[in-house]
């Protein structure tokens with residue numbers, strides 16, 4: 001083991017960090033999960049060559065490598081433990097090229113999502129994948145997990161917004177997938193295969209991103225309060241069914257809303273009130289807002305239109321304070337199920353059933369525009385209680401039965417690998433494992449993640 | 001060989017067709033290429049069980065299977081030859097479900113693209129992938145090749161418009177990839193991997209499609225004529241660079257335009273004139289049309305706005321007559337390169353260079369909105385002359401050097417497999433071949449296509 005560190009130091013010198021702080025930091029992400037032991041070393045790659053050198057040593061010595069960006073994952077996918085190398089690409093954060101004429105940008109993986117957005121705005125451009133964590137999460141992490149965010153129903157998922165990738169393979173070779181053109185169907189779509197592969201197939205060292213023009217016109221925001229969560233879910237489903245397309249439509253249930261108000265020192269909301277917050281954008285923002293207001297009123301919501309951008313910003317600050325508010329209640333395990341939008345009311349029925357059955361409160365926030373729910377389990381201490389995992393199991397099975405999935409945007413990581421085969425089925429699980437072996441015959445890329453358990 | 005047919009007849013009875021007409025038909029698609037010999041049999045599957053039965057027999061007897069829809073491919077991917085089974089899914093053409101509230105439809109693969117469009121329209125819905133062949137090509141073929149079409153720049157490629165697939169594997173097992181929700185990142189994206197895989201990984205027997213609402217508002221059409229093709233290409237690139245987004249922007253070079261006018265009995269166009277035809281849609285159709293007219297005039301184009309829908313339809317009929325017009329000149333080999341939009345003028349320079357170098361005329365039509373060009377090689381007889389292949393080789397290398405690809409939407413099939421490794425590189429070629437082996441260890445799924453040649 002010390003031999004591996006010596007080889008890394010020979011090749012990478014001061015980019016190898018074995019300080020206590022670095023090794024401890026690499027054990028965990030934002031999921032609350034933490035590897036039992038520290039890794040061998042943290043390599044802070046500054047170039048493609050650094051990544052290649054690390055992987056050549058890893059292959060030669062059969063040492064596991066866990067790739068890492070800003071460590072904001074929510075499934076433990078980047079957590080690094082005993083005998084492993086933590087390969088950080090956080091310092092590879094340059095924008096290499098912006099082409100407004102071709103609507104593309106070429107970037108390194110370590111750039112923060114929000115930094116990219118700020119760099120593109122002066123050219124009238126943006127990259128649509130917009131996780132709530134955009135100020136602290138990287139583009140590479142967004143790609144590695146397929147993170148998505150709040151705007152997916154209107155502006156697409158990560159898979160729709162990446163044209164090409166540069167990937168270092170397990171043995172240090174570099175390949176380039178995809179192309180710079182809008183279209184291209186040469187061979188299998190390895191670009192899409194890499195998206196959401198959570199560091200198990202290779203290390204993304206460059207990405208050619210498909211950009212959009214900034215949306216002309218204004219944005220408009222409204223809220224609608226409902227006396228129960230099912231009615232709010234039905235209201236959001238009615239908006240989608242009516243054919244209006246909000247840019248963002250977020251649902252906060254009563255416990256979530258109250259916790260955020262308490263955290264921010266705002267007056268308590270009406271007891272039991274669930275809130276939808278809806279943003280429209282573009283040239284039809286005002287008329288779409290009016291139509292959504294009409295639909296939500298008819299569904300029983302108390303609708304309030306934000307009078308200006310300042311009030312709108314306050315309303316979105318309430319939504320963005322969800323994670324800190326949950327952490328203020330205890331240790332939070334954030335789940336990430338996704339269902340068809342028409343099934344949102346049924347999914348909230350299932351959550352209510354599971355709350356009763358397991359004697360838990362499960363505060364839930366939901367990207368209601370696209371059907372992605374984040375139920376939160378709150379508990380004391382570091383260890384997830386077995387009863388919580390049992391309730392999570394019931395939650396996952398309910399989402400899959402409704403035509404959905406156990407992870408909409410956070411990934412499988414280490415926390416959900418035991419349910420992977422339940423969703424995929426054994427046949428597809430084996431095919432996916434076979435693909436993993438094609439890319440990583442020695443099994444050194446993020447082992448124990450995603451495919452941890454044999455079905 | 002007769003044993004295989006006997007087994008198929010036992011299992012599938014009258015769905016096994018060994019008539020001369022059926023066997024001959026299965027040898028070719030619309031590329032002009034034809035397999036040297038006839039297949040063993042054509043199986044006309046009517047159900048998932050039929051497909052499974054066929055593949056079980058194929059695996060047991062190690063018989064190659066070539067899946068086929070309407071036979072409109074342009075790369076020979078569905079051409080079926082000696083000792084092979086042609087598995088037609090054309091009769092599996094039902095729409096199983098349409099959900100306006102979830103913006104999805106579940107269909108069988110054999111439905112024609114245009115039939116699906118007509119079925120969805122009364123619900124105010126459409127499926128965006130829109131190949132020029134939509135009246136004669138199937139949804140399954142569209143998925144198998146990643147066919148795309150005219151609307152991709154504004155409304156996305158096939159990969160963006162498929163949520164889930166049911167796939168029969170080489171040995172007859174059935175898997176379901178993806179989910180019915182907008183988001184989902186459970187494991188590797190096998191749905192995207194199947195799109196464009198040209199029958200080499202499995203047989204798509206069902207597809208859950210992501211729909212859009214019909215675009216409100218009108219459509220507007222204009223043409224702009226330029227004295228040379230480079231100026232027209234520069235004009236179209238200027239439109240994209242200016243941030244206006246046409247729904248469709250098509251370029252026809254002088255030879256193409258003259259050939260279509262001759263075929264349709266229209267007055268001859270101005271000698272040497274290249275034509276751009278541009279459609280805008282949505283609530284801003286008129287203002288976007290005005291902006292595009294301004295840009296194209298400034299670029300030297302003679303702009304004419306269609307006065308009504310009748311004139312617009314006539315203009316689009318000219319574009320749609322391209323393939324028959326090419327066939328009227330001789331045997332046509334249609335190529336399918338794609339480049340970044342800013343590189344369109346440079347690509348037309350390359351085409352001019354190749355025309356001179358090889359002493360050929362290469363009439364070219366181009367989806368200028370997305371950078372996808374269809375250069376046509378015209379020759380006498382059935383065999384592609386070696387000089388044409390040499391010119392095609394030069395064409396592919398030029399497109400790749402400009403950051404593009406050798407196929408934007410037609411696929412590799414049999415006609416481009418010898419260039420696959422040139423674009424992918426040997427390392428990626430081997431990875432893709434490895435994936436093929438995971439799905440098809442016995443090598444019975446469309447052998448000799450895509451990966452025909454060892455690099």
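The values are calculated or read from the model by the stated rules, or taken from the named source; none is laboratory data. All figures in this text were calculated on a predicted structure; none of them were measured in a lab. FYI the Cβ positions are ideal-geometry reconstructions off the backbone, even for glycines, and counts take in every protein chain you see.
Just one of the listed residues (B:410, B:374) is within 14 Å of chain A (Cβ to nearest Cβ) and in a loop (DSSP other than H, G, I, E, B), and it is B:410. Residues of the range B:232-255 that are over 10 Å from residue B:276 (Cβ atoms), more than 24 Å from the chain's Cα centre (by Cα) and touching a residue at least 40 places away in the same chain (Cβ under 8 Å): B:234, B:238, B:241, B:242, B:244.
In the range A:389-399, of all residues being surrounded by fewer than 19 Cβ atoms within 10 Å (Cβ to Cβ) and in contact with a helix residue (DSSP H, G or I) (Cβ under 8 Å, 6 or more places away or on another chain), the one that is farthest from the other protein chains (Cβ to nearest Cβ) corresponds to A:390.
Residue selection: residue B:288 satisfies the criterion of being at pLDDT 95 or above, more than 24 Å from residue B:228 (Cβ to Cβ) and in contact with a strand residue (DSSP E or B) (Cβ under 9 Å, 6 or more places away or on another chain). When the range A:417-455 is filtered for residues that are facing chain B (nearest Cβ under 8 Å) and over 23 Å from residue B:169 (Cβ atoms), nothing remains. Restricting attention to the range A:288-331, the residues that are surrounded by fewer than 22 Cβ atoms within 10 Å (Cβ to Cβ) and outside any helix (DSSP H, G or I) total 12. Of the residues making up the range B:111-129, those that are free of Cβ contacts under 8 Å to residues at least 40 places away in the same chain and either outside the structural domain of residue B:152 (by TED's automatic domain parsing) or assigned to a loop (DSSP other than H, G, I, E, B) (or both) are B:111, B:129.
Per the conditions (1) surrounded by fewer than 20 Cβ atoms within 10 Å (Cβ to Cβ); (2) touching a strand residue (DSSP E or B) at 6+ places or on another chain (Cβ under 6 Å); (3) at pLDDT 95 or above; (4) more than 7 Å from every other protein chain (Cβ to nearest Cβ), the sole criterion not satisfied by residue B:384 is (3). Taking the stated definitions as given, is residue A:132 surrounded by fewer than 24 Cβ atoms within 10 Å (Cβ to Cβ), touching a strand residue (DSSP E or B) at 6+ places or on another chain (Cβ under 9 Å), farther than 25 Å from residue A:439 by Cα and modelled with pLDDT under 95? Yes, satisfied.
Among residues of the range B:150-161 being assigned to a helix (DSSP H, G or I) and facing another protein chain (nearest Cβ under 7 Å), the one that is nearest to residue A:152 (Cα to Cα) is B:160.
Would the range B:141-149 turn up any residue that is in contact (Cβ under 8 Å) with a residue 60 or more places away in the chain and more than 12 Å from every other protein chain (Cβ to nearest Cβ)? Taking every residue of the range B:141-149 in turn, at least one turns out to be in contact (Cβ under 8 Å) with a residue 60 or more places away in the chain and more than 12 Å from every other protein chain (Cβ to nearest Cβ).
Residue B:132 - would you say it is in a loop (DSSP other than H, G, I, E, B), under 15 Å from residue B:210 (Cα atoms) and either in contact (Cβ under 8 Å) with a residue 12 or more places away in the chain or away from chain A (no Cβ under 11 Å) (or both)? It is false that residue B:132 is in a loop (DSSP other than H, G, I, E, B), under 15 Å from residue B:210 (Cα atoms) and either in contact (Cβ under 8 Å) with a residue 12 or more places away in the chain or away from chain A (no Cβ under 11 Å) (or both).
Quick check: is even one residue across the range A:259-275 part of a strand (DSSP E or B), away from chain B (no Cβ under 11 Å) and either free of Cβ contacts under 8 Å to residues at least 12 places away in the same chain or crowded, with 22+ Cβ neighbours inside 10 Å (or both)? Scanning the range A:259-275, I find at least one residue that is part of a strand (DSSP E or B), away from chain B (no Cβ under 11 Å) and either free of Cβ contacts under 8 Å to residues at least 12 places away in the same chain or crowded, with 22+ Cβ neighbours inside 10 Å (or both), so the answer is yes. Of all residues in the range A:74-110, those being touching a residue at least 60 places away in the same chain (Cβ under 8 Å), within 12 Å of another protein chain (Cβ to nearest Cβ) and either closer than 19 Å to residue A:172 by Cα or out of contact with any strand residue (DSSP E or B) (no Cβ under 8 Å at 6 or more places or on another chain) (or both) number 3. Consider the range B:170-205 and keep the residues that are more than 7 Å from every other protein chain (Cβ to nearest Cβ) and in a loop (DSSP other than H, G, I, E, B). The one that is surrounded by the fewest Cβ atoms within 10 Å (Cβ to Cβ) is B:171.
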